[in-house]
1. Can you name every residue in region 196-209 that is within 21 Å of the chain's Cα centre (by Cα) and either modelled with pLDDT of 95 or more or more than 19 Å from Ala114 (Cα to Cα) (or both)?
2. Is it fair to say Phe156 is out of contact with any helix residue (DSSP H, G or I) (no Cβ under 6 Å at 6 or more places or on another chain) and modelled with pLDDT under 95?
3. Restricting attention to region 65-91, report how many residues are touching a residue at least 24 places away in the same chain (Cβ under 8 Å) and under 17 Å from the mean Cα position of the chain (by Cα).
4. Output yes when any residue across region 73-83 is among the aliphatic types (A, V, I, L, M) and buried (at least 24 other Cβ atoms within 10 Å of the Cβ), and no when none is.
Amino acid sequence: MIPRSLVVLSFTAVLLTAAVAQERVTVGTQRLGTSGALFIAATQGYFKAEGLDLEMTAYPSAQNVVEALAGGATDFGVAEFTGAAFNLAGKGAIKAIAAQVREKRDFDGNELIASNAGYAKGVRKTEDLAGRSFAVTELGAVAHFQLGQIAQMKNFDLNSVTLKQMQSFDGVARAIANGETDAAILPAQYARELLTANQAKLISWVSELDEPQLGALFASAATISSRQATVEKFLRAYRKGAADYTAALMRLDKYSKRITDAKSQAAAASIARYVYPGKTAGVTVVEAGAFYMDPQARLDAADVARQVEWYKSQGLIDSTVAPRSVVDTNFIK
């Protein structure tokens, strides 16, 4: 496993254009390839070109990202949907204003894996998750939602699964490697390390089962209400990063295999400098495990509504949370 710090780490974006009257903006995220559009936009100087002096802070979990955003520590946040995100949006503290990545058939994404111990006990396919232990970062994380969708599809009781909260993807990966849990759903960059080290077995790509919107670019309500022009500038830069991300990493050949060339490797290198700071081995991992993203960072509002209803049905978010309270449609293209 490539070690990653579990404490909050601050780092300033690399900006390539000359400074002119820059407005300071802060964004929270995680050191994950799923935030690739943000990292590419920073590397290419798109925020600088909009007059924004960008500072990024890396947090250990998506819940930490949205909690920091709601608490005023950052102006923006790029993170997966969680119960915490939906609850905070329902209370009016944050809003989703653009898309992060999503599951898409023929593209890499989250992977359902079994620990070697779980595999030995018979976890060989999705329906074998019934009655097993399953590691998540926290209750209400994307992996929890995806496990719920698998339970519905395969007709087993989600409550039969013992959920183990590990607080971070590193914790989930360790639980798999050490055989502390039978199975987990992890982003490709984590799952591949375990599979390569023969510390886990692949059960399924989640994109073969469902194609949910996995996350979003969020803005705090305070930023939206008092700095609308800043939000629009941030969005323009972020969308340019999304366009570059998809143009470089989302190309498939006639056999539906990912195209790898100098263009894709350059984009992966821009992302890897944030995901694996100070290391050179991350480019291949980032390139091979790139999730699908809409080239204009458009949110799938209908899928967000579906997720909200599932979270409410499980008692993971307040029953008063309305799908329309999650997304600020004023910024949706």
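1. Matches in region 196-209: Leu202, Ile203.
2. Working: out of contact with any helix residue (DSSP H, G or I) (no Cβ under 6 Å at 6 or more places or on another chain): yes; modelled with pLDDT under 95: no.
No; evaluated as a whole, the condition is false for this residue.
3. 15
4. Residues of region 73-83 among the aliphatic types (A, V, I, L, M): 73, 78-79.
If we keep only those that are buried (at least 24 other Cβ atoms within 10 Å of the Cβ) as well, we get 78-79.
Checked region 73-83: at least one residue is among the aliphatic types (A, V, I, L, M) and buried (at least 24 other Cβ atoms within 10 Å of the Cβ).
The values are calculated or read from the model by the stated rules, or taken from the named source; none is laboratory data. All values derive from a computational prediction rather than experimental measurement. Glycine also receives a Cβ, built like all others from the backbone with ideal geometry; neighbour counts cover every protein chain displayed.
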